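Encoded as structure tokens, the structure appears first; notes follow it.
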Amino acid sequence: MSNSEHFANIMVQCFIDAVQNGVDLVPVVADSTSTAKIKPFVDAFPDRLVNVGIAEQVLVGTAAGLALAGKVAVTCNAAPFLISRANEQVKVDVCYNNTNVKLFGLNSGASYGPLASTHHSIDDISVMRGFGNIRIFAPSCPRECKQIIDYVIAEEGPAYIRMDGKALPELHDENYQFVAGEPSLLRSGKQVVICALGSVVHEAVAASDILKEQGIDVSVVNVSSIRPLNKQALAKMLGETKHIISVEEHNINGGLGSVVAEIMAEQGIVAKLVRLGVEDGGYAAAGDRPYTRKMLSIDSMGIVAVCKQLLQSETLNA
């Protein structure tokens, strides 16, 4: 595996490996063969791909039918259309009926930056958290992505995997082992804890490194497993400071920011929480990713600025 890879390429290779290892896996696309980068799979197994055309509701219903027939069904299309257009089918055909369907939401967040809100997926985690019987994951780097995909293919039952639309470098070394439900500590510090999700984990790590050079000690927690989630483990990490920041390319309501706030309330953690992401009632800006993230203060420099503001406010109030 190279240092930087596109998650869709990793996904397709995992599908190929699974079939070669005897898994009866069938990908279903909605005229999204280029988005899914599925050609290598089709070349290897030309009779296994199902393309329903631009019909996301049919995509999910077909996948559920394949799962009921004993297949491991995997859907591969853009997250905004999977979650919004096929919402009822995801809720009923997959989640309520607990079918063995793996939903891959490609190009999540603001990956489709200049195409604006119609193509942004900033509510997918909040929607999926509202459904039962489904696990929710958001890989942050290639090694973690592969391990999460291998895990969900092997495990019976529905899963949603939030996939970024850009090539990303590694964050974990070769000794990393994904464990469902467990948050991973990427940087250790006592002054601020930054919890991040998906591709913006890279922004949080970069911010932590910048702050360290300035003498500010910051932890970075990667929360790639939204459900299941070891809340006690995350609470222990959150409880080590009085300043907490959540970072996500998602609405601050219903996503990681809400998860962190809920755990703080349930566990009695007294700290200042700042949730960074798309503001309540807002949309992500239309533009390329650096511009969008800067506008939302979820780029590395935005996170640095918020950390400093938190610590300065503590000094002023002391």
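The values are calculated or read from the model by the stated rules, or taken from the named source; none is laboratory data. Please read all numbers here as calculations on a predicted model, not as lab measurements. So basically every Cβ, Gly included, is an ideal-geometry build from the backbone, and we count neighbours across all protein chains shown. Side chains included, ligands, DNA and RNA excluded: accessible areas come from the protein's heavy atoms. Shrake-Rupley method; radii C 1.70, N 1.55, O 1.52, S 1.80 Å.
In this structure the chain gives 41 Å² per residue of accessible area when probed at 1.4 Å with all protein chains present.
Comparing THR62, PRO142, LEU296 along the charge dipole axis of the chain, the residue lying farthest to the positive side is LEU296, per the Cβ-charge model. Taking 0.36 nm per residue of separation and subtracting the Cα-Cα distance, full extension of the segment from GLU156 to GLN267 would add 36.8 nm.
With the highest mean first, a sort of the peptides 178-185, 9-16, 92-99, 262-269 on other beta-carbon atoms found within 10 angstrom per residue produces 9-16, 92-99, 178-185, 262-269. Amide hydrogen proximity for LEU25: with H placed 1.01 Å from N in the peptide plane, the residues at 5 or more positions away or on another chain lying under 5 Å are VAL72. Below 18 Å, Cα to Cα, which lysines can LYS91 reach? Residues fewer than 8 away in the same chain don't count. Straight-distance partners of LYS91: LYS102.
How would you classify segment 9-68 from its alpha-carbon gyration tensor, with a ≥ b ≥ c the square roots of the eigenvalues: rounded for a/c under 1.5, else prolate if a/b is greater than b/c, otherwise oblate? Write out the running numbers ahead of the final one.
On the way: a/c = 2.14, a/b = 1.30, b/c = 1.64.
Taking the square roots of the gyration eigenvalues as a ≥ b ≥ c, segment 9-68 is oblate.
Protection proxy ranking for 295-305, 123-133, 227-237, using the average of other Cβ atoms within 10 Å per residue and placing the highest first: 295-305, 123-133, 227-237.
Taking a Cβ cut-off of under 12 Å around VAL247, the surrounding Lys, Arg, Asp and Glu residues balance to a net charge of -2, with basic ones at +1 and acidic ones at -1.
Couplings for segment 137-147, taken from phi via the Karplus curve 6.51 cos²θ - 1.76 cosθ + 1.60 with θ = phi - 60°, read 9, 9, x, 10, 7, x, 4, 5, 4, 4, 5 Hz in order; Gly and Pro are left as x.
About the centre of its Cα atoms, the chain shows a dipole size close to 360 debye [charges on the beta carbon of Lys, Arg (+1) and Asp, Glu (-1) only; nearest 20 debye]. Along segment 217-228 the Karplus relation, 6.51 cos²θ - 1.76 cosθ + 1.60 evaluated at θ = phi - 60°, assigns HN-Hα couplings of 9, 10, 8, 10, 10, 8, 10, 8, 10, 7, 9, x Hz to successive residues, with x for each Gly and Pro.
Considering only VAL50, VAL192, VAL101, the Gaussian network model of the chain with Cα springs below 10 Å gives its largest mean-square fluctuation to VAL50.
In plain terms, if you count all Cα to Cα distances in segment 164-216 and split them into 5 Å steps from zero, the share in each step is 4, 15, 27, 24, 19, 9, 2 percent.
Counted over segment 51-197, the DSSP beta bridges are approximately 5% antiparallel.
Among the listed pairs LYS166/LYS190; LYS212/LYS242; LYS236/LYS308; LYS71/LYS231, those whose Cα-Cα separation exceeds 29 Å are LYS166/LYS190; LYS71/LYS231.
Largest GNM mean-square fluctuation across ASN21, ASN222, ASN87, computed for the chain with C-alpha springs under 10 Å, falls on ASN21.
Taking amide H atoms as placed 1.01 Å from N in the peptide plane, the amide H of LYS272 lies under 5 Å from those of HIS243, ILE244, each 5 or more residues away in sequence or on another chain.
Antiparallel versus total DSSP beta bridges in the chain: what percent is that, nearest 5? If we restrict to bridges inside the chain, about 20 percent are antiparallel.
Calculate what fraction, in whole %, of the accessible area of the chain sits on carbon and sulfur atoms when a 1.4 Å probe is rolled over the protein chains.
On the way: 6320 of 12900 Å².
C and S fraction of accessible area: 49 percent.
When TYR283, TYR291 are compared by accessible area of protein heavy atoms, the largest-first order is TYR283, TYR291, using a 1.4 Å probe. Here the scattering of the chain is modelled by Debye summation over its C-alpha atoms, one equal scatterer each and no solvent; at q = 0.07, 0.08, 0.10, 0.16 Å⁻¹ the log10 of I(q)/I(0) is -0.26, -0.34, -0.53, -1.31. How large is the translational diffusion coefficient of segment 241-318 in µm² per second when you combine the Kirkwood radius over alpha carbon pairs with Stokes-Einstein at 20 °C and 1.002 mPa s? D, rounded to a whole number, is 161 µm²/s. Computed over neighbours whose Cβ is under 14 Å from that of ALA67, the net charge equals -2, Lys and Arg +1, Asp and Glu -1. The residues packed around ILE210, meaning those with a beta-carbon under 13 Å from its beta-carbon, carry a net charge of -2 if Lys and Arg are +1 and Asp and Glu are -1.
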